[in-house]
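A short write-up of the structure that comes next.
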Amino acid sequence: MTAGTAVAGPDGALRCPWALSTDDYVSYHDEEWGRPVHGDDALFERLSLEAFQSGLSWITILRRRPGFRAAFAGFHIEKVAAFTDTDRERLLADAGIIRNRAKIDATLTNARVLADWAEGDLDDLIWSHAPDPATRPAPRTLADVPAVTPQSTALSKALKKRGLRFVGPTTAYALMQACGLVNDHLEACVARSTDPSGG
C-alpha cells in the first residue's frame, strides 16, 4: 500500500487515513467533512472554527465545538455582533474554548462586519469561489491534496477586502474542504462514494 492512500477502518470500509486516528474523526469524516454547508450562520461558525484551528490540530477544535457553540451563542451572527466587553472578558476566561485573544477578537470583529451584510451575502460570496468539480480529479493519496489553491487565495482576498480577519488562503481552503466547496475525500474513500452531492 502506498503511504497516504485510503485505509480500511474497523468496519472494513476504506477511508481517508486521517479519519482513523480517533473515533471523533471517524464520525466527523463520514458525516460532515466535505458535505455542502449553506447558511450565513453555519458558514460563520465554520469560518470561526477554522480560524481558531490555525496552528492547532483540528481534533482540538472538534472536541471543544460544544464549548465554542455555548460560548458564542450558537454562532448566530446577530447575537455575536452584539457581544460587549463583558462578553469578551468572559470568552478570554472560558476554558471550554481556545483562549486566544487575537482569534476571539477576530471572531467578534467578523460578526460585527457580517451583521451589516444582507442575508445570504456570506453564503453567496463563499460559494462563488467553488471550483468546477469537473476540473478537479479525485485525489488518490494525501499528497494529491493541496493546502492552498488559486480559488482559496481569491476567497481569502475577497473576505479580507470586505473586512474579515483571520481568513488567510490556507484557512480559506480548509473552509472550502470542510464545507463541501471541494471534495478532497480520496478516490477510494467510502465517504466520497456516498457523497450526496455526487462530488
Any residue at all in the stretch 95-103 that is under 28 Å from E187 (Cβ atoms) and either surrounded by 13 or more Cβ atoms within 10 Å (Cβ to Cβ) or out of contact with any strand residue (DSSP E or B) (no Cβ under 7 Å at 6 or more places or on another chain) (or both)? no
Can you tell me which of V145, V167 is aliphatic (A, V, I, L, M), surrounded by 15 or more Cβ atoms within 10 Å (Cβ to Cβ) and farther than 20 Å from A6 by Cβ? V167
Test R15 against the criterion of being buried (at least 20 other Cβ atoms within 10 Å of the Cβ) and of a type in the set (K, R), and give yes or no. yes
Look through L56, L91, L49, L108 and report the one residue that is under 14 Å from the mean Cα position of the chain (by Cα), surrounded by 18 or more Cβ atoms within 10 Å (Cβ to Cβ) and either within 20 Å of P169 (Cα to Cα) or modelled with pLDDT of 95 or more (or both). L49
Residue pairs qualifying under the 6 Å Cβ cut-off, at least six apart or on distinct chains, with the first in the stretch 60-80 being over 23 Å from S27 (Cα atoms) and in contact (Cβ under 8 Å) with a residue 24 or more places away in the chain and the second being buried (at least 19 other Cβ atoms within 10 Å of the Cβ) and among the aliphatic types (A, V, I, L, M), are A71/L91; A71/I97; F72/V80; I77/A111; I77/L114; V80/A111
For helices (runs of 4 or more DSSP H) lying entirely in the stretch 83-199, having 2 or more residues that are at positive phi picks out none
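From the list T153, T135, which residue is over 16 Å from the mean Cα position of the chain (by Cα) and either in contact (Cβ under 8 Å) with a residue 40 or more places away in the chain or surrounded by fewer than 18 Cβ atoms within 10 Å (Cβ to Cβ) (or both)? I'd like the intermediate steps shown before the answer.
Numbers: T153 fails: over 16 Å from the mean Cα position of the chain (by Cα).
Result: T135 is the single residue among T153, T135 that is over 16 Å from the mean Cα position of the chain (by Cα) and either in contact (Cβ under 8 Å) with a residue 40 or more places away in the chain or surrounded by fewer than 18 Cβ atoms within 10 Å (Cβ to Cβ) (or both).
Would you say L122 is surrounded by 12 or more Cβ atoms within 10 Å (Cβ to Cβ), without any contact (Cβ under 8 Å) to a residue 40 or more places away in the chain and out of contact with any Ser or Thr (no Cβ under 8 Å at 6 or more places or on another chain)?
Values: surrounded by 12 or more Cβ atoms within 10 Å (Cβ to Cβ): yes; without any contact (Cβ under 8 Å) to a residue 40 or more places away in the chain: no; out of contact with any Ser or Thr (no Cβ under 8 Å at 6 or more places or on another chain): yes.
Considered against the rule, which asks whether it is surrounded by 12 or more Cβ atoms within 10 Å (Cβ to Cβ), without any contact (Cβ under 8 Å) to a residue 40 or more places away in the chain and out of contact with any Ser or Thr (no Cβ under 8 Å at 6 or more places or on another chain), L122 comes out as no.
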All positions within the stretch 1-50 that are assigned to a helix (DSSP H, G or I), under 20 Å from D124 (Cα atoms) and not hydroxyl-bearing (S, T, Y): D40, D41, A42, L43, F44, E45, R46, L47, L49, E50
Condition (residue is aromatic (F, W, Y), surrounded by 14 or more Cβ atoms within 10 Å (Cβ to Cβ) and within 19 Å of the chain's Cα centre (by Cα)) applied to the stretch 70-81: is it met by at least one residue? yes
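The values are calculated or read from the model by the stated rules, or taken from the named source; none is laboratory data. These numbers were taken from a predicted model, which means no experiment stands behind them. When we count neighbours, we look across all protein chains shown, and the Cβ atoms used for this are built from the backbone with ideal geometry, even at glycine.
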